[in-house]
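The values are calculated or read from the model by the stated rules, or taken from the named source; none is laboratory data. Since we're looking at a predicted model, the values are computed, not measured. Every residue, glycine among them, receives a Cβ derived from its backbone with ideal geometry; neighbour counts consider all protein chains shown.
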Amino acid sequence: MLVLGLETSCDETGVALYDSERGLLADALFSQIDLHRVYGGVVPELASRDHVKRMLPLIRQVLGEAGRVAGQIDAVAYTAGPGLVGALLVGASCAQALALAWGVPAVGVHHMEGHLLAPMLEAQPPAFPFVALLVSGGHTQLVRVDGIGQYALLGESVDDAAGEAFDKTAKLMGLRYPGGPEIARLAEQGTPGRFVFPRPMTDRPGLDFSFSGLKTFTLNTWQQCRNGGDDSEQTRCDVALAFQQAVVETLTIKCRRALRQTGLNSLVIAGGVSANQSLRQSLERMLAEFDGQVFYARPRFCTDNGAMIAYAGCQRLLAGQHDGPAIGVQPRWSMETLPAI
Ligand code: KG4
Ligand code: ZN
């Protein structure tokens, strides 16, 4: 089955062609980062308008790269939520229009299920069951995964998502959007141990997270340094490292608890923050305690992309699931409500 996947939930237009027999044939992405950077964050209306401009040229591009024509496509998968309503509607209308024109089914995919399944596109995919740590700009969740659509939420952020904490902290420190890669870059030059920040909610039982206090703690430290006349690049790097280490260690502590609680020794990390090298290394060290393994996608499939949507949609289509012709999106959508396949 040849599936065209479309991703438009936020500030990236992602398109991919996935073949259930041959795997991923082609994928293309247009990132709107430069468009939103001047505003310090995503402007929803600009995002929607840009998705409209990019979608059809990207579809032509992946068809060309894969050496396929529209008539060979068996189904269209698109991100139906969660995300920005206008941006989602661009992908949903485009998918439904193409499906109608080509006489094929369309299927709406849950964006976080797409992230969760992205490591399945790698050479050594994880086997069910496993614990998944979903860390994106909008979500921080620990999930027990027993199969596609069999998701039990173990814990989640009570305030900012991990990626959001990176982005907001970076902004407070005068860094560029998106903040995650910027903080990671500065942290590489940081002096270990110069600052040590709190590991929020690790002193009590449970698997929930809270990152908004850490953001304020980081800002206060940075401001104290500046008020004392130290706004050097080295200090900025040292603060970035302390922040990143606090997030990484907090996530690692909660993942260790989730593995103990479930008795599992496979951990999948997915979403934009799973591209973070320090997080990957810390989790790999921790999984050694369990004689287990960490799975993640290649960096470009950690952040938003069309390949994960084509793959997840294909699995649901193969199980006989698809949408009716109505165009609908779900800006807020719990993954636990998804049907099992
Ligand atoms: O999954 P994603 O592309 O979009 C959402 O679904 O939200 O995640 C984007 C988030 C942003 O907050 C970005 O700052 C963060 O992922 N991110 C990173 C890194 N690369 C992207 N955070 C930390 N380290 C990175 N290397
Ligand atoms: Zn995402």
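Just a few scattered comments:
- Complete set of residues in the stretch 304-327 that are within 20 Å of Ala87 (Cα to Cα) and either in contact with a strand residue (DSSP E or B) (Cβ under 7 Å, 6 or more places away or on another chain) or of a type in the set (D, E, K, R) (or both): Asp304, Asn305, Gly306, Ala307, Ile309, Ala310, Ala312, Gly313, Asp323
- Wholly enclosed helices (runs of 4 or more DSSP H) of the stretch 141-227 bearing at least 2 residues within 16 Å of ligand 2 (Cβ to nearest atom) and of a type outside the set (S, T, N, Q): 162-172, 179-187
- Restricting attention to the stretch 260-283, the residues that are in contact with a strand residue (DSSP E or B) (Cβ under 8 Å, 6 or more places away or on another chain) and either surrounded by 19 or more Cβ atoms within 10 Å (Cβ to Cβ) or in a strand (DSSP E or B) (or both) total 11.
- Considering the stretch 1-112, the qualifying strands (runs of 3 or more DSSP E), each wholly inside and each with 3 or more residues that are under 21 Å from the mean Cα position of the chain (by Cα), touching a residue at least 24 places away in the same chain (Cβ under 8 Å) and more than 16 Å from ligand 2 (Cβ to nearest atom), run over 23-31.
- Residues considered: Val135, Val107, Val158, Val145. Of these, the only one that is modelled with pLDDT of 95 or more, in contact with a Gly (Cβ under 9 Å, 6 or more places away or on another chain) and not assigned by the TED database to the domain that holds Ala26 is Val135.
- The set of residues in the stretch 311-325 being modelled with pLDDT of 95 or more, of a type in the set (Gly, Ala, Ser) and more than 16 Å from ligand 1 (Cβ to nearest atom) consists of Gly313, Ala319, Gly320.
- Of all residues in the stretch 297-341, those satisfying the criterion of being assigned to a helix (DSSP H, G or I) and of a type in the set (Phe, Trp, Tyr) are Phe301, Tyr311.
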